[in-house]
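The next block holds one structure in the form of structure tokens; read it before the comments.
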Amino acid sequence: VSAADPSQAGAPTFADVNRDVLRTLEPPGPLYLGWMCVVGLILTAGILAWTYQIFIGMGAAGKRTPTMWAMYITSFVFWIGIGHAGTLISAILYLFRARWRTSIFRAAEAMTIFAVMTAGLFPLIHAGRMWFAYFLLPYPNQRDLWPNFRSPLVWDVFAISTYLTISTVFFIVGLVPDVAALRDATTGWRRRIYGMLSLGWEGSHSQWRHYRRAYGLLAALATPLVLSVHSVVSWDFAVALVPGWHSTLFAPFFVDGAIFSGFAMVLILILPMRHYFRLHAYLQEKHLDAMGKLILVTGLVLTYFYICEAFTAWYSGDNFERASLFWKVTKSYAWDLWLMYFCNCVMPLVLFSKRARTSPVVLYIVSIFVLIGMWFERFNIIVPSLAHDFYPYTWGIYVPTATDTMIVIGSFAWFFLLFLGFIKVMPSLSIVEVKETIPQPVKGGGHAAH
Amino acid sequence: MNRREFFKVITTTGAAAAAGGCQQAAEKILPLVVPNEQIVPGVASWFSTVCRECPAGCGVIARNREGRIVKLEGNPDHPVNQGALCIRGQAALQGMYHPDRFAGPQRREGSALRAVGWDDALKLAADKLAAVRGAGKSRGIVVVSQLENGSLGGLMDRFGQALGARPRVTLEPFGYEWIRAANRLVFNRDAIPYYAFEDAEVVLSFGADFIETWLSNVNYARTFGRMHGFRGGRAGTFIHVEPRQSVTASNADEWVRNVPGTEGLLALAILKVMVEEGMVDRRFGEAAAGVEVNKVAADSGVSVATIKHVAHVFGNAKPGLAVGGGVAVAGSNATQSLAAINLLNAATSNVDKTVRFGPDSAYAQVTPYAEVAALAQAMARGEIEALLIGPGVNPAFTLPGGLRFGEAMAKVPFVVSFANQPDETTALAHLVLPDTHWLETWGDYSPREGVLGLMQPTMSPIRDSRPLGDVLLALGRSVLGTEEGKGPLPWTNFEQSLRATWDPVIKAGQWEQALQQGGVWKDVPAAAVIPKAAAIEATPVKLEGDAGGLTLLAYPSLRMYDGRTASRSWLQEAPDTMTQAVWDAWVEISTDTAAKFGIAAGDVVKVTSPHGTIEVPAYVSPTIHPGAVAVPIGHRYAPYHVPRYVRAPGAPMNPLALLPGAADPASGGPAFLSVRVTLAKTGARRPLAILQATHDQDDRELARHVDLRTAREEALRGKTEKPHDTVSMYSPQQYPNYRWGMAVDVDLCVGCQACVVACIAENNIPVVGKAEAAYGRQLHWLRIERWAEGKADHPHNTFLPMFCQHCEIAPCEPVCPVFAAYRTDEGLNGQVYNRCVGTRYCGNNCPYHVRRFNWYYYQFPEPLNVQLNPDVTVRQLGVMEKCTMCIQRIVAGKDRARDEKRTVRDGDIVTACQQTCPTQAITFGNLKDEGSEATKLRHAPRAYSVLDELGTRPSVTYLKKVVRTHA
């Protein structure tokens, strides 16, 4: 079914699209400002916590021997995962010509960039001497020191910076015609800024031709990154020796989980937008249905991976792997494991029902559970595996402190602050692509005469 | 601007910037004690002296760098410790550089001590003493000191005699009077002999904790290692009888758990079995005539079969050695027990072989506790006018609570303390005249006949303190009004007095040599003794207190001794080997008792005896006798510990407070095993900081063992099982010059923890405090793990020293993004602190978890920072660190070899842990050299690597413990 079935009553016109999208950029109301304040305050608390940690030392966070990685790396992997859905929607679905993506891809792309920006903070927050984090970059220096290219952390640096670059370029290129429309609709200093960002877009035929070609190429470039980034991140664990980490399963396992959580985050972001900006005409039930199906499918795949993970640990016959598995299932962190199974395996099953898939409330609730489940999945991989690894002498439980908890919560505030800012300065729906799905207006009579 | 002007500007602005911008306070430059030509910047000088942390009197060499002592090591020439030092000796530096040391003399004003000048302080003391003398109450003056049997002791006695004072009281809380009493009884000799562990085939110990504190723990641990360690098919046997599983008990091939106080009964029963089976001379049967083996078995909780088995093993030993008299089991019948043990030695003809009178221990010169108790009574009666308390003793803390010594002290009008740190006794003193630390002073000490240890100042005093000898001379002269060079105190300073004592001992011109060697050693002929096989009445131990209570086992702590070393934060943070607890005292309660009282580990328990009460957290142990509880002696904190490292305890933690004041009439010693206590939960919780998560290896074969028969076969024929080869796609690593490696003989490791503190001292390892240590953030590079196997109430413990394994295929190296962890071409696993970003990936990936992270900026409180080894980087916040195999010593060793135009020879380089190990369980060497000791051990049949199935190929080899099992 075409997204712009002309027979559909009340289908938007080109003029409606312009009006509805530009309406989202109107000066904010008290609700919006209130949310900005809340998010800003939480972020401030997070920044203060980080400052304190830099000043006092990593001891301010609850890490210890043997769990030398904990919530920061959990959040890092979580946010990288979130960053997946955007590129998946904009690039892969674009190449597959899945037209339902048009109304959500802009928000998803913005989400991707902000999520990667959030994720990128965590290696810095995590490093004992973050002021020397630039040692990881292969910059020319007098002593001919290079980073260690055998280390997965160096792979991360490359994978993530590449991903951020391509995603940002893709995002900016996609925005050009829309920003030009904004430029035309605004005056004063706004017009000058939008003018600069629109790169002199005039909508000429040759510009459209180049634009289309560039967009397609970038989509093709971005597609492998969707798979590579999280695979590389998963190797942080898979390459290590720790029982519970050392597994060849991790790359597809992580990619699937990333898509799963990414779609949940997209829903978390666009459902309120749909409600408050009354975008029901663009974000229709069939869009929600498609997203619900994707969450369901990725959730089922994830369940399969969980089974594989447990089975291989048991079937390996390896004392360390088995001990790690049985400990996780039954001991100190069992709550975490079972919470994860519930959120990621049981909750998405609701989406087998079409009514659930088309209900914004149900989708929202499921998405929240999925996000909780996926955060704890990463926590479960990192902390309990380390807490009960090879050496019984040092086994120990990680206890979060106020500092690291605040920093993690602050990272959510940072993400939402960026996103809230975005929806007020940029069109969060693609004017161009939404219009593409609407039949061309007929000269003179308009669509009403159809 | 020309060049000259440029430099002028640069230097002036630079100086101004440095002066203005420098945040650190100006550091006191330490004056040099020795002539400058001895000190070459960057090169260490070594001075030998004698360790005075306990009466064992081990020889020490102190490493002086640029005028400050940075490390202590055992004096290899000294006959007592033969190069090793115990954990307390290693930590003695923290006594010298103690942040709480008195800055100068202190005088009591109201409840506080106020600083006062030396002249005023000496005048005050002299006036008081003169007044006492003038009033004709000279007998009211008494000098109390630790065991000082050299020049200082002589000077104190002279001082006392000149003033007409009471005889000096030599106060040692652990005086082993019961051993002396039993020797008087059986051998007619008031002495404690030398026990030749090294010559014994079987050692049978009745509660003698010789690995921990008993008599001379370094000496006996070393000789025990020589006797017991598996070497070329030969290995001794060690049977230990004790109601709780101590470190010493853990080293036994057979630990026999008895009812507390039944050691003598068991010894007699063993003697009886030996007599009945004709293994020994019948005349010894008389002594054990009244003993029934069945009844002893019922009373002691030890089965008849075990008694017979022990008798067979001991009776067949050629020769054996029976020892006894550990503090924890010294009760009212201790003298009888020791007499019975003496008879065991006599019956099996061990006397003169393994029990050697002649080179007698200095312990026999300790004033018996009964006289100390008499002094306390005299004090309480107001008969004592002036009490002079020497350094090293803290009677207000280390004497039984029932004696009420502190209260008696309050009745003394004038108390002078010579302690250089605040303690419970200085809190009651009117005047404190701080003595110099023993590392800063002249002196001598003879731990046993024939060993004359000589002490010299190894550096200048870091605080305004004066040697006790000098102060006594000044005081004595000013009280007596004698002119210089006349009277009973003819010397101007203590050094002269020392020389006067030594001049007759050494030949002219050999003073320097004696100083260098750390003393003079002479062979002492054996003294012949004739044992009396008189009947011994085996009485049960007398216990005061609630008949339904639990017997209290108060035992000297391996780390705190009687409490005098508790102020060292290194020792507080070095874990107790058995519990792996740091920074706190505890009461060890058996699992059954804990279940009965509903006590969980970490519950604060009120322990009450008729004489006092303490409150300590519970440690629930399956091994201790169910009828007993055990509390380590000596736990207290120094003022600077609180609250920097630990919260102040609400109530006393020292079990001596629970003991009666009365001396045991038979021996004249204190009765340590003398009370029953009751337990009550206070409701509060104070979980112990326990570093080891579990003592169960979970089938991971970290600490491995082999039975004696297999070990012997393999020693003869070579290893039966082939080591599994690890396959690699890469070519093996090349080592152009050296490949460093280590071998640890788990069979020799006795778990004394000396290496842990040696490593701390050598490598500038900070102290983190109780909460951080409990949370897995301790920074020790080396740890002694205790792994328990077998029955829960009777486990077989193996001690495993664990530190960086310097793996050939190191999991930490490839994951480091910046090459901070890297492999050197000498086989070390290097760590570049400056390059480390602190991702901690290496810490996760190290399967041994020996990497330590700097979670904070760790402080070394002034003046402990003076102790820092200048050859080792002090790590900063946010970097990873770990064992370097003492790379600074490797570099120094290579430098020396290069200067001599040769390669490094085996034994040139000795790591800090290896150096101090009493049993020589650790060997360092070049693995490329087929002749090196480390390589030989690496190829020994008992060799294995920890977690070798991971393919890490460690450079550290472990040698399996050899277990002797009997059916």
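When B:VAL259, B:VAL247 are checked against the criterion of being open to solvent by 10 Å² or more (accessible area, probe 1.4 Å), β-branched (Val, Ile, Thr) and at pLDDT 95 or above, B:VAL259 stands alone in meeting it.
Somewhere in the range A:398-406, is a residue open to solvent by 10 Å² or more (accessible area, probe 1.4 Å) and either within 21 Å of the chain's Cα centre (by Cα) or without any contact (Cβ under 8 Å) to a residue 12 or more places away in the chain (or both)? Looking through the range A:398-406, at least one residue is open to solvent by 10 Å² or more (accessible area, probe 1.4 Å) and either within 21 Å of the chain's Cα centre (by Cα) or without any contact (Cβ under 8 Å) to a residue 12 or more places away in the chain (or both).
Let's see how each residue does on (1) closer than 23 Å to B:THR335 by Cβ; (2) among the basic types (Lys, Arg); (3) touching a residue at least 24 places away in the same chain (Cβ under 8 Å); (4) in a loop (DSSP other than H, G, I, E, B):
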{"position": "B:LEU152", "(1), (2), (3), (4)": "no, no, yes, no"}
{"position": "B:LEU155", "(1), (2), (3), (4)": "no, no, yes, no"}
{"position": "B:PHE159", "(1), (2), (3), (4)": "no, no, yes, no"}
{"position": "B:ARG166", "(1), (2), (3), (4)": "no, yes, yes, yes"}
{"position": "B:PRO173", "(1), (2), (3), (4)": "yes, no, yes, yes"}
{"position": "B:ARG184", "(1), (2), (3), (4)": "yes, yes, no, no"}
{"position": "B:ARG189", "(1), (2), (3), (4)": "yes, yes, yes, yes"}
{"position": "B:LEU204", "(1), (2), (3), (4)": "yes, no, yes, no"}
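Within the range A:143-189, the set of residues being crowded, with 21+ Cβ neighbours inside 10 Å and hydroxyl-bearing (Ser, Thr, Tyr) comprises A:SER151, A:TYR163, A:SER167. Answer with yes or no whether B:VAL642 is away from every other protein chain (no Cβ under 14 Å), open to solvent by 20 Å² or more (accessible area, probe 1.4 Å) and either hydrophobic (A, V, I, L, M, F, W, C) or in contact with a Lys or Arg (Cβ under 6 Å, 6 or more places away or on another chain) (or both). Criteria met by B:VAL642. Among the residues of the range A:271-284, just one is over 22 Å from A:PRO27 (Cβ atoms) and at pLDDT 90 or above, namely A:LEU271.
Residues checked against (1) over 30 Å from the mean Cα position of the chain (by Cα); (2) of a type outside the set (Lys, Arg); (3) at positive phi:
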position	(1), (2), (3)
B:GLY285	yes, yes, no
B:LYS318	yes, no, no
B:ALA330	no, yes, no
B:THR335	no, yes, no
B:ALA378	yes, yes, no
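Residues of the range B:444-471 that are open to solvent by less than 30 Å² (accessible area, probe 1.4 Å), touching an Asp or Glu at 6+ places or on another chain (Cβ under 8 Å) and under 24 Å from B:GLN82 (Cβ atoms): B:TYR445, B:GLY450, B:GLY453, B:LEU454, B:MET455, B:THR458.
For the range A:232-252, filtered to residues that are touching a residue at least 40 places away in the same chain (Cβ under 8 Å), assigned to a helix (DSSP H, G or I) and within 12 Å of A:ILE381 (Cβ to Cβ), the residue that is nearest to the other protein chains (Cβ to nearest Cβ) is A:ASP236.
Note on the range A:253-283: residues that are of a type in the set (Phe, Trp, Tyr), open to solvent by 10 Å² or more (accessible area, probe 1.4 Å) and part of a helix (DSSP H, G or I) total 1.
Consider B:HIS806 carefully, then state whether it is more than 14 Å from every other protein chain (Cβ to nearest Cβ), modelled with pLDDT of 95 or more and in a loop (DSSP other than H, G, I, E, B). Spelling it out, B:HIS806 is indeed more than 14 Å from every other protein chain (Cβ to nearest Cβ), modelled with pLDDT of 95 or more and in a loop (DSSP other than H, G, I, E, B).
For the range B:263-274, which residues satisfy the criterion of being in contact (Cβ under 8 Å) with a residue 60 or more places away in the chain and open to solvent by less than 10 Å² (accessible area, probe 1.4 Å)? Don't jump to the end; show me each part of the working.
Just the residues of the range B:263-274 that are in contact (Cβ under 8 Å) with a residue 60 or more places away in the chain, to begin with: B:263-268, B:270-271, B:274.
Hits for the range B:263-274 are B:GLU263, B:GLY264, B:LEU266, B:ALA267, B:LEU268, B:ILE270, B:LEU271, B:MET274.
The residue that is farthest from the other protein chains (Cβ to nearest Cβ), counting only those in the range B:832-857 that are open to solvent by 10 Å² or more (accessible area, probe 1.4 Å) and among the β-branched types (Val, Ile, Thr), is B:VAL832. Is it the case that the range B:913-922 has a residue that's within 14 Å of chain A (Cβ to nearest Cβ) and out of contact with any Asp or Glu (no Cβ under 8 Å at 6 or more places or on another chain)? For the range B:913-922, residues within 14 Å of chain A (Cβ to nearest Cβ) and out of contact with any Asp or Glu (no Cβ under 8 Å at 6 or more places or on another chain): absent.
For the range B:501-517, which residues satisfy the criterion of being without any contact (Cβ under 8 Å) to a residue 24 or more places away in the chain and either touching a Phe, Trp or Tyr at 6+ places or on another chain (Cβ under 6 Å) or of a type in the set (Gly, Ala, Ser) (or both)?
Those that are without any contact (Cβ under 8 Å) to a residue 24 or more places away in the chain and either touching a Phe, Trp or Tyr at 6+ places or on another chain (Cβ under 6 Å) or of a type in the set (Gly, Ala, Ser) (or both): B:ALA508, B:GLY509.
Only one entry in B:PHE819, B:PHE799 is among the aromatic types (Phe, Trp, Tyr), in contact (Cβ under 8 Å) with a residue 12 or more places away in the chain, touching a helix residue (DSSP H, G or I) at 6+ places or on another chain (Cβ under 8 Å) and facing another protein chain (nearest Cβ under 9 Å), namely B:PHE819.
Residues in the range B:521-555 that are surrounded by fewer than 16 Cβ atoms within 10 Å (Cβ to Cβ) and among the acidic types (Asp, Glu) were compared, and the one that is farthest from B:GLU242 (Cα to Cα) is B:ASP523. Just one of the listed residues (B:ALA711, B:ALA666, B:ALA693) is away from chain A (no Cβ under 14 Å) and part of a loop (DSSP other than H, G, I, E, B), namely B:ALA666. Take the conditions part of a helix (DSSP H, G or I), open to solvent by less than 10 Å² (accessible area, probe 1.4 Å), more than 10 Å from every other protein chain (Cβ to nearest Cβ) and under 19 Å from B:LEU93 (Cβ atoms) and apply them to B:ILE760. Does it pass? Yes, satisfied.
Of everything in the range B:472-503 that's open to solvent by less than 20 Å² (accessible area, probe 1.4 Å) and within 27 Å of B:VAL520 (Cβ to Cβ), which residue is modelled with the lowest pLDDT? So, considering only residues that are open to solvent by less than 20 Å² (accessible area, probe 1.4 Å) and within 27 Å of B:VAL520 (Cβ to Cβ), the one modelled with the lowest pLDDT is B:LEU489. Applying a threshold of 7 Å to beta carbon distances and a minimum spacing of six or more residues, or different chains, the list of pairs starting in the range A:125-152 at a residue that is more than 7 Å from chain B (Cβ to nearest Cβ) and farther than 13 Å from B:ALA820 by Cα and ending at one that is open to solvent by 90 Å² or more (accessible area, probe 1.4 Å) and assigned to a loop (DSSP other than H, G, I, E, B) reads A:PRO138/A:TRP146. For the range A:17-37: of the residues being open to solvent by 70 Å² or more (accessible area, probe 1.4 Å) and assigned to a helix (DSSP H, G or I), which is farthest from the other protein chains (Cβ to nearest Cβ)? Out of the qualifying residues, it is A:ARG19. Apart from one condition, B:GLY827 fits all of (1) open to solvent by less than 10 Å² (accessible area, probe 1.4 Å); (2) facing chain A (nearest Cβ under 9 Å); the exception is (2). B:ALA651 fulfils the conditions (1) away from chain A (no Cβ under 14 Å); (2) in contact with a Gly (Cβ under 9 Å, 6 or more places away or on another chain); (3) surrounded by fewer than 20 Cβ atoms within 10 Å (Cβ to Cβ) except for a single criterion, (2).
Which residues, counting only those in the range B:765-786, are farther than 16 Å from B:PHE803 by Cβ and outside any helix (DSSP H, G or I)?
B:PRO766, B:VAL767, B:VAL768, B:GLY769, B:TYR775, B:GLY776, B:ARG777, listed by residue number.
The values are calculated or read from the model by the stated rules, or taken from the named source; none is laboratory data. Because the structure is predicted, anything quoted here is derived from the model rather than measured. Note: ideal-geometry Cβ built from the backbone for every residue, glycine included; neighbour counts use all protein chains shown. To get the accessible areas, we keep the full protein, side chains included, count just its heavy atoms, and leave off ligands, DNA and RNA. Shrake-Rupley method; radii C 1.70, N 1.55, O 1.52, S 1.80 Å.
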